[in-house]
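This report refers to the structure that appears directly beneath it.
The values are calculated or read from the model by the stated rules, or taken from the named source; none is laboratory data. On a predicted model such as this, the values are computed, not experimentally measured, just so you know. Counting neighbours? That spans all protein chains shown, and the Cβs are built from the backbone with ideal geometry, glycine included. The protein model used for the area step is the full one, side chains on, heavy atoms only, and it has no ligands, DNA or RNA in it. Shrake-Rupley method; radii C 1.70, N 1.55, O 1.52, S 1.80 Å.
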Amino acid sequence: MDLSEYRESDREKQRESDLLRLINASEHAAGKALDIGARDGHFSLLLASCFENVTALDLVKPQIQHEKITCVKGDITDLAFNDNCFDFVFCAEVLEHISPHLLATACTELGRVANEYILTGVPYKQDLRVGRTTCLSCGKKNPAWGHVNKFDEDRLQHLFSGFDVCEVSYVSKTNSFTNPISTWLLDLAGNPYGTYLQDEPCVYCNAKLMQPPQRTMLQKLFTKASFYIRNIQKPFIKEQANWIHVLFKKK
């Protein structure tokens, strides 16, 4: 997906605005910040306007040219930093991608290197069945956008149990939910409307996800039935927040 186009979407602008508000609400002392999953450096540059030094970390070393920013290659589950060495740790759109068996380790590492604040942002109570894909290489079903973890307030507080919650905010709205029967039918149809444009590969075999081939008549019938059942469900679905942002402070 084109990041510049993504940044210009109304939903992303709402998300960015709220994250910036929480960064400023952290009462930081213009110290050191860590940006986890920096990618193109968009938030690293925003953090550089608030902090004296910013470390931009990703699995592939970011390429960001700024006098206040140091780019490093690193893994959230094994951070090569001393304890309590960052005044502010920023981690948004990352935790939903971490392998479930490593999620607690990743959050422990964030807490270890944070001297005071952690700001995290994740999808809120996401229905991981919506928009999923079928990998043509291994045949397994993938959650949309490589999101393998689901979050609510309780789970985040448990993962960061060594921190107090300073503020919780909810951003944007969604009513994107499905049901087991519609999910099963779309699986039979090959999940033709999954998020195949995503950059994230298959979470099982790491192959690039490709749009499925031409569907058979039977698969088209499965697709139609799936959407029909999902439409029956719509009047009973309530909107909820799309993202949850939590500002934590070390106890």
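Remarks
- The chain - Cys residues lacking any other Cys C-beta under 4.7 Å: CYS50, CYS71, CYS85, CYS91, CYS107, CYS166
- Radius of gyration and Dmax over the Cα atoms of the chain, both given in Å: 19.5, 63
- Contour minus Cα-Cα distance for TYR204 and SER137 (0.36 nm per residue): 23.1 nm
- Gain on full extension, evaluated as 0.36 nm per residue between LEU218 and LYS238 minus their Cα-Cα distance, stands at 4.0 nm.
- Evaluated over the Cα positions of the range 124-251, the convex hull gives a direction-averaged projected area, one quarter of its surface, of 9.2 nm².
- Projected over all directions and averaged, the alpha-carbon convex hull of the range 84-184 occupies 7.8 nm².
- Members of LYS32/LYS249; LYS68/LYS249; LYS13/LYS173; LYS13/LYS249; LYS150/LYS238; LYS173/LYS238 lying beyond 20 Å, as alpha-carbon distances in this model show: LYS68/LYS249; LYS13/LYS249
- Positive end of the dipole of the chain (Cβ unit charges, origin at the Cα centre): among LEU186, GLN211, THR70, the Cα lying farthest that way belongs to LEU186.
- Residue (of LEU79, ILE23, HIS101) at the positive-pole extreme of the range 6-164, dipole from beta-carbon charges: HIS101
- Computed magnitude of the charge dipole of the range 35-131 (debye, nearest 20; Cβ of K, R +1, Cβ of D, E -1): 220 debye
- The length gained on full extension between SER49 and ARG11, counted as 0.36 nm times the residue separation minus their Cα-Cα distance, comes to 11.4 nm.
- Using a Förster distance of 45 Å, the FRET efficiency for LYS249-LEU188 (Cβ separation, nearest 0.05): 0.40
- In Hz, Karplus ³J(HN,Hα) per residue of the range 216-233 (6.51, -1.76, 1.60; θ = phi - 60°; x = Gly, Pro): 7, 4, 5, 5, 5, 5, 4, 4, 4, 5, 4, 5, 4, 5, 5, 5, 4, 6
- Accessible area of SER9 (1.4 Å probe, protein heavy atoms only, ligands and nucleic acids ignored): about 40 Å².
- Highest-MSF residue in the chain out of PRO192, PRO235, PRO100 [GNM, Cα springs under 10 Å]: PRO235
- Residue among CYS50, CYS138, CYS107 with the largest mean-square fluctuation in a Gaussian network model of the chain, springs linking Cα atoms under 10 Å: CYS138
- Per-residue HN-Hα couplings for the range 41-57 [Karplus 6.51, -1.76, 1.60; θ = phi - 60°; Hz; x = Gly/Pro]: x, 4, 7, 4, 5, 5, 5, 5, 7, 10, 10, 5, 9, 10, 9, 9, 10
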